[in-house]
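Here's the structure, in structure tokens; my notes come after.
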Amino acid sequence: MTKYIPFLLVVMMSGCAMSPGMNMSSHETNDDVTLLPITAALINEQQRALSGSDGIKFLPNDFSQKNEPYRLGVGDILSITVWDHPELTIPAGEYRAAETAGHQIAKNGTIFYPYIGRVKVAGKTLIQTRWLLSRLLSKHITKPQVDVKVAAYLSQKAFVVGEVANPGPQPITNIPLTIVDAIKQAGGTTSNSDWRHVTLTRGDEKFTINLLDIYEKGDMRQNLRLKNGDVLNIPDLQGQKIFVMGEVSNPASLYLRKGRMTLSEALSEVGGIKPETSNPARIYVIRSGETGKPEIYHLNARSPDALILGDQFKLSSRDVVYVETAGVVRWNRVIERLLPTTNLLRNVVETDYTLGSDKVKLNY
């Protein structure tokens with residue numbers, strides 16, 4: 001039996017290395033991993049970085065915020081009234097549908113009107129169109145009084161897609177259509193929407209809009225006016241997940257709703273850490289750094305200020321929160337795994353000893 005003792009000692013001495021789960025230390029660093037303790041100084045640095053990292057950095061030249069009058073386009077329907085000349089006004093026009101009450105701008109940008117024939121109005125404002133019709137009608141009518149309105153805005157539209165109640169095109173009218181207005185007209189965002197990474201595509205350019213900055217900080221610079229052909233996409237939360245693992249009550253993946261969750265909130269969402277098996281002194285947040293180099297943040301929950309630090313440390317998408325196993329529990333799990341092997345070796349030793357005794361008796 002003594003010949004198996006060295007083997008058993010080797011196995012038992014290497015028990016910690018064989019135990020399941022990660023085993024990190026706040027003192028371990030190497031060239032591939034950065035291990036940072038979560039302190040008040042680190043949280044202050046994090047808050048400074050976050051305060052200037054969200055939203056668009058600049059506005060391109062064609063994202064003008066100036067008040068520009070609406071310009072008519074192909075498909076718009078005009079309602080034209082010439083006062084004191086009912087023969088030029090469609091009977092009961094104000095009581096009929098917009099599609100049948102007025103003059104629709106044709107593909108070549110023109111409308112037909114009595115006495116003056118085809119007139120190009122696409123690209124003009126209502127004031128310019130009113131002045132043009134008055135000038136042309138003055139050749140046939142003395143001092144015509146002309147009123148021009150848009151009965152239906154059909155030429156320009158922006159598209160709101162993604163996580164909104166009613167995705168689809170939104171008409172652009174004489175009232176400027178902003179991002180907030182477009183989302184409201186689309187029925188508002190769903191509970192699965194990512195407010196921090198809304199994208200606005202105009203032609204070949206794409207920009208990220210942070211709705212939280214608009215709604216909560218009043219940053220109206222990001223509430224851009226939409227133009228014809230713009231696509232506003234409200235993404236879902238699939239890219240905004242974190243993962244809580246290790247010695248917690250219910251390991252799970254969680255969504256960063258509205259882009260915000262602290263370390264304490266994440267641990268609370270999964271039922272907290274297991275007091276009987278966890279090591280509160282070793283709670284880690286594993287994050288992929290901007291350069292691809294992993295960053296590991298360490299919180300010692302036994303510290304008096306741990307509750308405050310955990311509630312202020314903000315998580316980012318794809319973070320992994322890991323709670324390490326207590327040393328005694330790790331050792332017990334090693335022993336549990338070794339017991340079947342130990343029992344097997346003991347049976348082998350006892351069988352070998354019995355066979356040897358029989359041989360001795362037979363020889364004797």
Taking the condition of being surrounded by fewer than 14 Cβ atoms within 10 Å (Cβ to Cβ), over 23 Å from the mean Cα position of the chain (by Cα) and on the phi > 0 side of the Ramachandran plot, how many residues in region 262-303 meet it? 1
Identify, please: which residue in region 151-186 is in contact with a Leu (Cβ under 6 Å, 6 or more places away or on another chain) and in a strand (DSSP E or B) and is, among those, nearest to G203 (Cα to Cα)? A158
How about region 223-246: which of its residues are outside any strand (DSSP E or B) and either closer than 18 Å to T190 by Cα or modelled with pLDDT under 90 (or both)? P235, L237, Q238, G239, Q240
Out of region 282-322, which residues are within 19 Å of Y255 (Cα to Cα) and either touching a Lys or Arg at 6+ places or on another chain (Cβ under 9 Å) or not assigned by TED's automatic domain parsing to the domain that holds L42 (or both)? R287, S288, K314, L315, S316, S317, R318, D319, V320, Y322
Buried (at least 19 other Cβ atoms within 10 Å of the Cβ) and polar (S, T, N, Q): does that describe T125? no
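Would you confirm, using the coordinates I've provided, whether L154 is crowded, with 18+ Cβ neighbours inside 10 Å and either under 19 Å from the mean Cα position of the chain (by Cα) or touching a residue at least 40 places away in the same chain (Cβ under 8 Å) (or both)? Break it down stepwise before answering.
Values: crowded, with 18+ Cβ neighbours inside 10 Å: no; either under 19 Å from the mean Cα position of the chain (by Cα) or touching a residue at least 40 places away in the same chain (Cβ under 8 Å) (or both): yes.
Taking the combined requirement at face value, the residue does not satisfy it.
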Enumeration of residues in region 280-299 that are modelled with pLDDT of 90 or more and under 14 Å from L42 (Cα atoms): V285, I296, Y297, H298, L299
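Per-residue answers, yes or no, for (1) assigned to a loop (DSSP other than H, G, I, E, B); (2) assigned by TED's automatic domain parsing to the domain that holds T178; (3) in contact with a strand residue (DSSP E or B) (Cβ under 8 Å, 6 or more places away or on another chain):
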residue	(1), (2), (3)
L200	no, yes, yes
R221	no, yes, no
S253	no, no, yes
S264	no, no, no
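The values are calculated or read from the model by the stated rules, or taken from the named source; none is laboratory data. What you see is a predicted model, and the numbers here were worked out from it, not measured in a lab. We place every Cβ from the backbone using ideal geometry, glycine too, and count neighbours over all the protein chains shown.
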